[in-house]
1. Being out of contact with any Gly (no Cβ under 6 Å at 6 or more places or on another chain) and not in a helix (DSSP H, G or I) is the filter; apply it to the stretch 63-87 and report the residue that is surrounded by the fewest Cβ atoms within 10 Å (Cβ to Cβ).
2. Working only within the stretch 526-540, note down all residues that are over 25 Å from the mean Cα position of the chain (by Cα) and in a strand (DSSP E or B).
3. Which of the residues spanning the stretch 130-162 are farther than 19 Å from A87 by Cα and touching a residue at least 12 places away in the same chain (Cβ under 8 Å)?
4. Please go through the stretch 41-54 and pick out each residue that is surrounded by 16 or more Cβ atoms within 10 Å (Cβ to Cβ) and either in a helix (DSSP H, G or I) or in contact with a strand residue (DSSP E or B) (Cβ under 7 Å, 6 or more places away or on another chain) (or both).
5. So which of F521, F497, F526 is surrounded by fewer than 17 Cβ atoms within 10 Å (Cβ to Cβ) and either in contact with a His (Cβ under 9 Å, 6 or more places away or on another chain) or assigned by TED's automatic domain parsing to the domain that holds P272 (or both)?
6. Checking E477 against (1) farther than 21 Å from A273 by Cα; (2) buried (at least 16 other Cβ atoms within 10 Å of the Cβ); (3) acidic (D, E), which single condition isn't satisfied?
7. Looking for something out of contact with any Leu (no Cβ under 7 Å at 6 or more places or on another chain), part of a loop (DSSP other than H, G, I, E, B) and either under 22 Å from G422 (Cα atoms) or among the charged types (D, E, K, R) (or both) - is there at least one such residue anywhere in the stretch 188-196?
8. Has the stretch 144-162 got any residue that is charged (D, E, K, R), surrounded by 21 or more Cβ atoms within 10 Å (Cβ to Cβ) and at pLDDT 95 or above?
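The values are calculated or read from the model by the stated rules, or taken from the named source; none is laboratory data. Small disclaimer: the values here were computed from a predicted structure and weren't measured. Here the Cβ positions follow ideal geometry from the backbone for every residue, glycine too, while neighbour counts run over all protein chains shown.
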Amino acid sequence: MPAITTRPCPADAQAALEQAGLTPAWARLYAARGVTHPEQVAHRLPQLLPPAGLLHIERAAALLADAIQEKKRLLIIADYDADGATACAVGVRGLSLLGARVDFIVPNRLEHGYGLTPDIVKLAAERQPDLLVTVDNGIAAVDGVAAANALGIPVLVTDHHLPGDALPDAVCIVNPNQPGCGFASKNLAGVGVMFYVLLALRAELRQRGTYAEKAEPDLRALLDLVALGTVADVVRLDANNRTLVENGLARMRAGKASAGVNALFRAAARDPARATVFDLGFMLGPRLNAAGRIDDMALGIECLLADDPATAQQLAQRLDALNRARRDVESDMLEEALAILAGFSPTDSHSLTAYQPGWHIGVIGILASRLKDKFHRPTIVLAQSEGGELKGSGRSIPGLHLRDALDLVDKRHPGLILKFGGHAMAAGLSLAAGRHEEFGLAFETVVRELIDPADLQGVIETDGELAAADHSYSLAEQLDRAVWGQGFPAPLFTATFDVVAQRVVGEKHLKLKLARDGAMFEAMHFFHPDPLPGRIHAVYALMPNEFNGQQTLQLKLQHWEPAAA
């Protein structure tokens, strides 16, 4: 059972925030997340870090400006996830606004694999581009860039992934995580990097006099896409990323989102006027990702590029259908995985490696996430590709940097991993057929060395108790609209309640009435229909609820333990 802890809250920071005008509840929440001044959560666009901090970005801007002035053909090489799709859409839209001739190619996950491979270069060369621009990929494309160079096609890499031992021989690389880059936010998503390149390009064109007699394009029009990709990629929401997301949400709420984003909201039965981070991460993002997982992400990118609302809606409905199909595949795979792992005891292992040749490659990442959540172990899920190789996707827990762990496995067992890449919490890899058991043993050995056993127990970090009088619909709505995410977690509270009433609704949810300190609260325990005891110690979030025009506060139970009567 996970331990429930209270997030430390520096008293001096909380006092300073209260003195600056924040309510005690907000001061406490922000201080516990490292905020020391209200300006840090103002999220105004002028607060964004300047593009000049990104290594080589001026070179990238000059390269693109020259290409625009010389009417060269640009071809974007995208990635097949939501970050790659939004980065591609931002690139195509933004470069077009700035005067470029630009098109895109996105690899098919099942046919081509990830990134700028030699096969993709060959496919791209048929378009006769003058410059290839990668988005959300390329930092590990040593062979792909070499293939492009051999054909005389220069490559501009824009990426955010961690580099390997060698960098590709690209004409220019913009990546906050490349060696020598001092950009203060290492957490930009791929879409954020592309947006920054466009900011630098506009500044370069301004300096060249392009806008001496005409208005500059307003790149704020791209922020809805930037926000969607940033949230969907689950990058750390530092102050810079929160500013990008907050301003993207503001455009959605103001009715200024692109036709494709609005269509995705409608397909998900959500209201863009009330857009939240939850909508982006759990409603729009999965529908966009579904195209890359089980079909072709070109469909998702076309939706984001559509200007006609009717066309965008048709594409969004196709994405919604793909997402429903993805959920069915995922459900079947999860059921099969749990059956296989029925005898698995988390106390016996520090990691989990699961493989079935019939699993769908496009859904192994989601399955890895589900298994990681259930067993609280770093998890790798493998499936067989059409070419016979094993493709893997991994998810980690706090305390283990997954890419570093794979790097150590690779160094100790040369040739076992054909290729790998990723981040601290997520990574991908390839193995030769039949080597999954050997990999599982090697991975387990490395994880045992790198992780603290205490990290395997699981911790639910909360913001402690919230006074019963502070529970209100207004606070719940404010929390719902705020920007929370990786590295800046949404508030959770803890308290002991008497369970006054409970009943199952929708066959799989538990609707509750809870009592505490003389106050009564409506609550929901989603996807958990089993009855609760009469008294519980609960971890919960505040949730604004609207039904038949009535606005009420609900508590959303995240975890509970029996409490003494």
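1. E70
2. Filtering the stretch 526-540 for residues over 25 Å from the mean Cα position of the chain (by Cα) gives 528-538.
R535, I536, H537, A538 - these are the residues of the stretch 526-540 that are over 25 Å from the mean Cα position of the chain (by Cα) and in a strand (DSSP E or B).
3. From the stretch 130-162, those farther than 19 Å from A87 by Cα are 130, 142-154; that's our starting set.
The answer is D130, V142, D143, G144, V145, A146, A147, A148, N149, L151, I153, P154.
4. Of all residues in the stretch 41-54, those surrounded by 16 or more Cβ atoms within 10 Å (Cβ to Cβ) come to 41, 43, 48-49, 51, 54.
Answer for the stretch 41-54, where residues must be surrounded by 16 or more Cβ atoms within 10 Å (Cβ to Cβ) and either in a helix (DSSP H, G or I) or in contact with a strand residue (DSSP E or B) (Cβ under 7 Å, 6 or more places away or on another chain) (or both): V41, P51, L54.
5. Numbers: F521 fails: surrounded by fewer than 17 Cβ atoms within 10 Å (Cβ to Cβ); F497 fails: surrounded by fewer than 17 Cβ atoms within 10 Å (Cβ to Cβ).
Residue meeting the stated conditions: F526.
6. E477 satisfies all of (1) farther than 21 Å from A273 by Cα; (2) buried (at least 16 other Cβ atoms within 10 Å of the Cβ); (3) acidic (D, E) except (1).
7. Just the residues of the stretch 188-196 that are out of contact with any Leu (no Cβ under 7 Å at 6 or more places or on another chain), to begin with: 188-190, 193-194.
Next, only the ones that are part of a loop (DSSP other than H, G, I, E, B) stay: 188-189.
Checking which are either under 22 Å from G422 (Cα atoms) or among the charged types (D, E, K, R) (or both) leaves us with 188-189.
Yes; the residues of the stretch 188-196 include at least one that is out of contact with any Leu (no Cβ under 7 Å at 6 or more places or on another chain), part of a loop (DSSP other than H, G, I, E, B) and either under 22 Å from G422 (Cα atoms) or among the charged types (D, E, K, R) (or both).
8. Step one: filter the stretch 144-162 for residues charged (D, E, K, R), giving 159.
With surrounded by 21 or more Cβ atoms within 10 Å (Cβ to Cβ) added as a condition, the list becomes 159.
Now narrow it down to the ones that are at pLDDT 95 or above: 159.
Within the stretch 144-162, one or more residues are charged (D, E, K, R), surrounded by 21 or more Cβ atoms within 10 Å (Cβ to Cβ) and at pLDDT 95 or above.
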